[in-house]
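Novice: Input: one structure, supplied below.
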Amino acid sequence: MTSILFEQYLQKLDVSMRSRGRKTALILDNCPSHPSIRTLSNIELFFLPPNTTLKTQPMDADVIRNFKLHYKTQLCKARLASLDSNVPFKFTVLDALRAIKSAWDNVKLETIVHCFSGAAKYCEEHFDI
């Protein structure tokens, strides 16, 4: 994603929030495509400090690691099945999408909740929330 696309997305989201009479906050990392936009009326942007990934971005820790483990398991099972049947390995985009869905379905809710509880505590200690 480029900073231009992200800014356009935020502008549209801001219009949508304004039309519904809602306000929202987005917590962003320091990725270059996350520009600071001062013209948003119904969205407040909070930028995380650098080098706090594991504390404030739990998706980078357990959730994504867990998802990748499940995805790679699906990929290995497909590869082993092709070896067992002496058929050349073929993994289509549709196969990948199915493996992605299966991998995400196997990430437990408890894993997600556990990751975010640590991030919430960190944010409470370091941000005026």
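The values are calculated or read from the model by the stated rules, or taken from the named source; none is laboratory data. Model, not experiment: these values are computed from the prediction. Cβ placement follows ideal geometry from the backbone for every residue including glycine, while neighbour counts extend to all protein chains displayed.
Novice: Name the residues in the stretch 1-29 that are within 30 Å of Asn51 (Cβ to Cβ) and aliphatic (A, V, I, L, M), would you?
Specialist: Met1, Ile4, Leu5, Leu10, Leu13, Ala25, Leu26, Ile27, Leu28
Novice: Can you say whether Ile64 is among the β-branched types (Val, Ile, Thr) and touching a helix residue (DSSP H, G or I) at 6+ places or on another chain (Cβ under 7 Å), as far as the supplied structure shows?
Specialist: no
Novice: Looking only at residues that are assigned to a helix (DSSP H, G or I) and more than 13 Å from Ala103 (Cα to Cα) in the stretch 60-82, which one is modelled with the lowest pLDDT?
Specialist: Ranking the candidates gives Asp60 first.
Novice: Could you look through the stretch 46-55, keep only residues that are in a loop (DSSP other than H, G, I, E, B) and surrounded by 12 or more Cβ atoms within 10 Å (Cβ to Cβ), and pick out the one that is modelled with the lowest pLDDT?
Specialist: This residue is Thr52.
Novice: Of all residues being among the charged types (D, E, K, R) and closer than 24 Å to Lys121 by Cβ in the stretch 24-45, which is modelled with the highest pLDDT? Just the residue, please.
Specialist: It comes out as Glu44.
Novice: Just checking, how many residues over the stretch 20-45 are surrounded by 13 or more Cβ atoms within 10 Å (Cβ to Cβ) and either touching a residue at least 40 places away in the same chain (Cβ under 8 Å) or acidic (Asp, Glu) (or both)?
Specialist: Of the residues in that region, 2 qualify.
Novice: Enumerate the pairs (first residue in the stretch 101-129 and within 26 Å of His70 (Cα to Cα); second residue anywhere and surrounded by fewer than 15 Cβ atoms within 10 Å (Cβ to Cβ) and at pLDDT 75 or above) with beta-carbon separation below 6 Å, excluding pairs fewer than 6 apart on the same chain, so at least 6 apart or on different chains.
Specialist: none
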